[in-house]
Structure formats: structure tokens, C-alpha cells
Amino acid sequence: MARSVLQGYPDTDLRVMVVWVSMLPSDNERTARRASRMFHDARVTPFFDPRQRSGRAYADEVFPNCIEEALAVLPRDHVLFAPLQERSKGPEAVRTVWDAAFFYPPEVEWGQSAPYPNRWIKQIAFQGDQRAGTGEPTGWFWQDACDRVPIESDWFIELRRMTEEFVHENRASLSP
């Protein structure tokens with residue numbers, strides 16, 4: 001995914017940090033290393049987070065009320081209302097942010113906690129691989145705000161769109 005996005009911007013100072021957060025039983029360092037081999041661009045730096053520290057930091061520090069904000073705007077009959085309501089009562093691991101992309105300009109200052117991203121996208125529900133590449137939606141996504149009704153779309157489509165918008169908005173600071 002990062003490879004296809006970066007190919008569109010060979011002359012920008014766009015950098016990608018991929019953080020593999022251990023969320024599923026099959027998520028381990030070996031799997032993360034193997035998956036990281038797909039990135040052949042020097043602008044990509046992979047990391048493995050076995051203890052979910054980055055995902056929990058984003059959940060606690062950057063998006064602490066995201067699920068509650070979403071529930072406040074979602075109609076009760078929306079397909080995501082019940083699952084999000086359940087998630088809001090769930091254990092700490094459920095509050096870990098993963099399947100997300102955050103966009104920061106080069107001049108952003110990182111301190112003890114992650115700064116709020118300029119742009120972001122988070123997949124909150126997955127509809128399965130069988131739709132990948134068909135042009136049909138593969139999941140539901142929050143974009144830039146939790147207090148908006150999520151959109152039904154596809155990771156590749158949304159990541160390319162958001163990258164294009166981010167690069168356009170930050171063209172001056174991304175020029176080499």
C-alpha cells in the first residue's frame with residue numbers, strides 16, 4: 001500500500017513510518033519483518049510494536065473520546081452503532097489504535113506524546129478480502145474526525161486520496 005502511494009510522489013520529501021502493532025495471534029516480529037520486505041523505497045521505515053504502546057498512546061492521548069464522539073452522531077440503526085457501542089465498553093486492547101494512517105508535515109515537533117495529525121484515516125470495520133481490487137468497499141473509515149459518520153470505502157482508495165490531498169496542502173514543505 002505504501003509502495004503504491006509513494007510511487008506517485010518520487011520527487012517529494014514524503015516519509016512513511018510503518019508500525020506493525022501486534023493485535024492478532026499471528027502478529028509477531030517475524031511476520032512484521034516478512035511483511036516489511038514489500039517496501040523497497042528508502043523513504044519507508046518499518047517498526048514492530050509487540051506491546052501495542054503506539055496504538056494505546058494514540059488511543060489515550062490523541063483520540064481518547066473517538067468512539068464516544070462517533071456514537072453521538074451515528075444513527076442508532078447505522079450498521080456500526082452496535083459494534084462501536086460494544087467496543088466502548090470493551091477491554092483496553094479494544095481501545096488500541098491500529099489500521100490507521102496519520103499525516104504530519106515535516107516540521108512537526110514530537111514530544112513526550114504524539115501530536116495530533118494534520119490528516120488521518122482509520123479503518124473501523126473490515127468487510128473482507130473478497131472485495132479487494134473489485135472497486136467495492138472493503139471497510140468503514142473515519143477521516144480527520146470522529147464526530148462524522150464514517151464512510152464506506154477501500155484502504156487503497158482512501159490512502160491515495162488522502163496522500164494526494166496532504167501532498168497538495170504541504171507541497172512547499174515536502175519539496176526536496
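The values are calculated or read from the model by the stated rules, or taken from the named source; none is laboratory data. A quick note: this is a predicted structure, and the numbers were derived from the prediction, not measured. Note that we place each Cβ from the backbone using ideal geometry, even for glycine, and neighbour counts take in every protein chain shown.
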Item to check | Test: S22 is under 18 Å from F103 (Cβ atoms) and crowded, with 18+ Cβ neighbours inside 10 Å | outcome: no
Checklist outcome for this item: Within region 152-176, the residues that are of a type in the set (V, I, T) and over 14 Å from the mean Cα position of the chain (by Cα) are V167
Checklist entry - Pick from region 132-145 the residues that are buried (at least 19 other Cβ atoms within 10 Å of the Cβ) and over 14 Å from R119 (Cβ atoms): which of them is farthest from the chain's Cα centre (by Cα)? => result T138
Checklist entry - Across region 146-173, which residue is surrounded by the most Cβ atoms within 10 Å (Cβ to Cβ) among those that are at pLDDT 90 or above and of a type in the set (S, T, Y)? => result T163
Checklist entry - Do any residues in region 79-92 that are within 17 Å of R56 (Cα to Cα) have Cβ atoms under 6 Å from those of residues that are assigned to a loop (DSSP other than H, G, I, E, B) and among the charged types (D, E, K, R), where the two are at least six apart or on different chains, and which pairs are they? => result none
Checklist entry - Among (1) of a type outside the set (V, I, T); (2) at pLDDT below 90; (3) crowded, with 17+ Cβ neighbours inside 10 Å, which single condition is Q7 missing? => result (3)
Item to check | Residue, surrounded by the most Cβ atoms within 10 Å (Cβ to Cβ), within region 98-112, restricted to residues that are assigned to a loop (DSSP other than H, G, I, E, B) and touching a residue at least 60 places away in the same chain (Cβ under 8 Å) | outcome: W98
Next on the checklist: Where the second residue is part of a helix (DSSP H, G or I) and acidic (D, E) and the first is surrounded by fewer than 16 Cβ atoms within 10 Å (Cβ to Cβ) and lies in region 48-69, which pairs have Cβ atoms under 7 Å and are six or more apart or on separate chains?
Outcome noted: P50/E29
Checklist entry - Counting only residues that are within 23 Å of L84 (Cα to Cα), modelled with pLDDT of 90 or more and hydrophobic (A, V, I, L, M, F, W, C), how many does region 21-56 have? => result 1
